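Structure first, commentary second.
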Amino acid sequence: MIRSFRHKGLAELFEQGRSRRVRQDLQARCLERLDALDQARTLQDVNRPGFNFHSLQGLPQRYTLHVNGPWCITFEWENSEALQVDLEQYH
């Protein structure tokens, strides 16, 4: 379950199905990943083909799901909930 967002446009996209703050060509893939993240009970639930799920270095511990090109959805995971969900280019 997604508990909090860091990226306001991503929150808007998740809640309303569209957002001017997220590029149009990324929206469908972002929604697919956000839906999977919201339904996940364990981290392995989001380890799906094409998502390129992996952990990132640093503290707090964050994880990433590949969206397209350099764009990724990153998040923290605590008690079966995704926190501080963000859309970023971290490479």
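All of the numbers you see were taken from the coordinates with simple rules; none came from a lab. Being a predicted model, the structure only gives us computed values, none of them experimental. All Cβ positions, glycine included, derive from the backbone under ideal geometry; neighbour counts span all protein chains shown.
A few notes on this one:
- Per the Kirkwood formula applied to alpha carbons, the chain shows a radius of gyration over Rh ratio, Rg over Rh, of 0.92.
- Angle in degrees between helix 24-39 and the longest Cα principal axis of the chain, rounded to the nearest 10: 40
- Highest-fluctuation residue, Arg62, Arg33, Arg21 considered, GNM on the chain with Cα pairs under 10 Å: Arg21
- Average Cα contact separation per residue, the chain, under 8 Å, 6 or more apart, as relative contact order %: 31
- Cα-centre dipole for the chain with unit charges at Cβ (Lys and Arg positive, Asp and Glu negative), debye to 20: 240
- Structure-based [θ]222 nm, the chain - -39500 (n - 2.57) summed over DSSP H runs of at least 4, per residue, nearest 500: -8500 deg cm²/dmol
- Label point at Leu83 placed 7 Å out along Cα→Cβ; residues across the range 1-18 whose backbone nitrogen lies under 12 Å: 3-5
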